[in-house]
Amino acid sequence: MFDSGFGGLTVARAVIDLLPSEDLVYIGDTGRYPYGSTPLTDVQSFSRELAHSLVDDYGAKAIVVACNTATAAGLDELRIELDVPIIDVIEPGAKALVTTTTTGRVGVIGTVGTVSSGAYVRAVAQTGAPVTLTSAACPGFVEFVERGQTTGDEVTVLAERLLAPVRSANIDALLLGCTHYPFLARTISEVMGPGVTLVSSADETAFAVQRRLADLGLSRTDDHRLGRHRFASSGDIEEFRDLGRQLLGPELDQTERWSPSA
């Protein structure tokens, strides 16, 4: 799987826990993050490069695009070019959101790129659920996570300002439409209040991976074998290892270099 940085580790954690016998390779493109404010054409190019590397260099049998912005930029080209299943985080998250609400008023927060793409509007509409969706872009959240700053006054002040549109919409379920955002869940929950359930796509994506591998006959059948986990970064690998270990856990004990081709 790949992500612009550390956010996709929420998905990696869920996949490791659900599918402990599967091998996992994670590339965090920290040398080019954040994706949220990057032109979508560039994000498409980055995604293509990362996905091809996972197949060509690591022998991946399936790819998880653990980045909402990359998913929103479009994966059609990847699905045509690569002969492996590609699982994204937007569809599972949208399905989880509409099954969580009881009032029919839901919200989604994400990067500027994800929200402006309309990807979640389309994904929620495709569920057919009779809900009203309010979206809000949250520039700055990713940068806080990438610095390891997930609580504190600065985070709270920014959250209060950025979450105002979804708070005023009187929603009862909020989808964290960026894989970085679960690391800010405590602050987001405090700002939104007890009447709002936070929905993360990480667990739902892991279940989607499990189903897809099983349907295609690609699941590992040796339940006694523990999978191997490799983590790579296009940025500072020591920083990635240190912060990534705090966010993911002991499985992230070393990091290797991943370099873009250009």
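The numbers here are math on the coordinates, done by the rules we state, and not lab data. What you see is a predicted model; the values in this text were computed from it and never measured. Note that each Cβ is placed from the backbone with ideal geometry, even for glycine, and that neighbours are counted across all protein chains shown.
If you line up the long axis of helix 90-100 against the longest principal axis of the chain, both from Cα atoms, how many degrees apart are they, to the nearest 10? Relative to the chain, helix 90-100 is tipped by roughly 40 degrees. The C-alpha atoms of the chain define a longest principal axis, and helix 153-162 lies at about 70 degrees to it. One decimal place: the segment Asp222-Asp57 gains 57.0 nm when fully extended, by the rule 0.36 nm per residue minus the C-alpha distance.
Sticking with the crude label model, points 7 Å out along Cα→Cβ, report the distance from Asp236 to Asn170 in nm, one decimal please. Rounded to a tenth, the inter-label distance reads 4.8 nm. Each of His229, His52, His224 has some number of other Cβ atoms within 10 Å of its Cβ, and from fewest to most they run His224, His52, His229. List residues of segment 208-228, by number, whose backbone nitrogen lies under 20 Å from a label position 7 Å along Cα→C-beta of Gln254. Residues 226-228 fall inside that zone.
Relative to the longest principal axis of the Cα atoms of the chain, helix 9-18 runs at roughly 70 degrees.
Fewest first, what order do Arg122, Arg212 take by the number of other Cβ atoms within 10 Å?
Arg122, Arg212
Footprinting exposure proxy ranking of Glu204, Glu81, fewest other C-beta atoms within 10 angstrom first, gives Glu81, Glu204.
Remark: spin-label model distance Ala185-Ala125 equals 3.0 nm, labels positioned 7 Å along the Cα→Cβ axis.
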